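For reference, the structure discussed in these notes is given below.
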Amino acid sequence: MTDYMYISECADGSYYVGSTNNLEARLYQHQTGDGANYTNKRLPVELVYCEEFDRIDDAFAREKQVQGWSHAKKQALTDGQYDDLPELAVAYRDRQPDSESSHQDPEVLEGSIVSGGFESLSHRSSTHIESSQAGDEQTLAVVKPVETTSKE
């Protein structure tokens with residue numbers, strides 16, 4: 001079974017980051033108002049990015065990581081601007097009030113920047129998603145696959 005970390009863009013331009021083992025059903029829940037309270041108040045939502053994992057706990061860990069990112073960094077990820085992620089991680093950390101003792105962007109680890117996710121995760125692939133909706137059906141199309149490493 002494949003598990004997912006996903007990013008949906010809400011009608012107000014904000015992002016919702018979640019994880020699931022059934023992406024299609026979860027997206028349907030969000031779109032019909034049966035998903036999270038956050039998305040229910042910001043309909044419609046559109047899937048803009050997802051990553052596949054071998055284990056749900058890895059997808060959940062990635063969800064928590066990405067949730068801590070700035071809007072600009074999430075947007076760079078959804079737009080496929082992967083080279084911008086390290087710079088945005090440092091910019092986020094530098095904007096924090098007491099950057100030595102305050103929360104740091106999870107992508108900044110011991111002075112080095114990891115832009116492809118946790119190395120220890122059984123992470124398989126990530127994908128930039130574009131969707132189009134015709135009537136009641138939504139079509140998802142892969143725009144750009146991203147190479148990732150996997151340590152098992």
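For the condition outside any strand (DSSP E or B) and modelled with pLDDT under 95, what is the one hit in 33, 13?
Step by step, each of 33, 13 is checked, and only 33 is outside any strand (DSSP E or B) and modelled with pLDDT under 95.
Report, by residue number, each residue of the stretch 1-41 that is acidic (Asp, Glu) and surrounded by 13 or more Cβ atoms within 10 Å (Cβ to Cβ).
3, 9
Which ones in the stretch 10-63 are aromatic (Phe, Trp, Tyr), farther than 15 Å from residue 78 by Cα and within 14 Å of the chain's Cα centre (by Cα)? Please lay out each step first, then the result.
In the first step, residues of the stretch 10-63 are kept if they are aromatic (Phe, Trp, Tyr); the result is 15-16, 28, 38, 49, 53, 60.
The next check asks that each one be farther than 15 Å from residue 78 by Cα; those that pass are 28, 38, 53, 60.
Residues satisfying the conditions are 53, 60.
The values are calculated or read from the model by the stated rules, or taken from the named source; none is laboratory data. Just so we're clear, the structure is a prediction, and the values are computed from it rather than from any experiment. Using ideal geometry, Cβ is built from the backbone for each residue, glycine included, and neighbour counts are taken over all protein chains shown.
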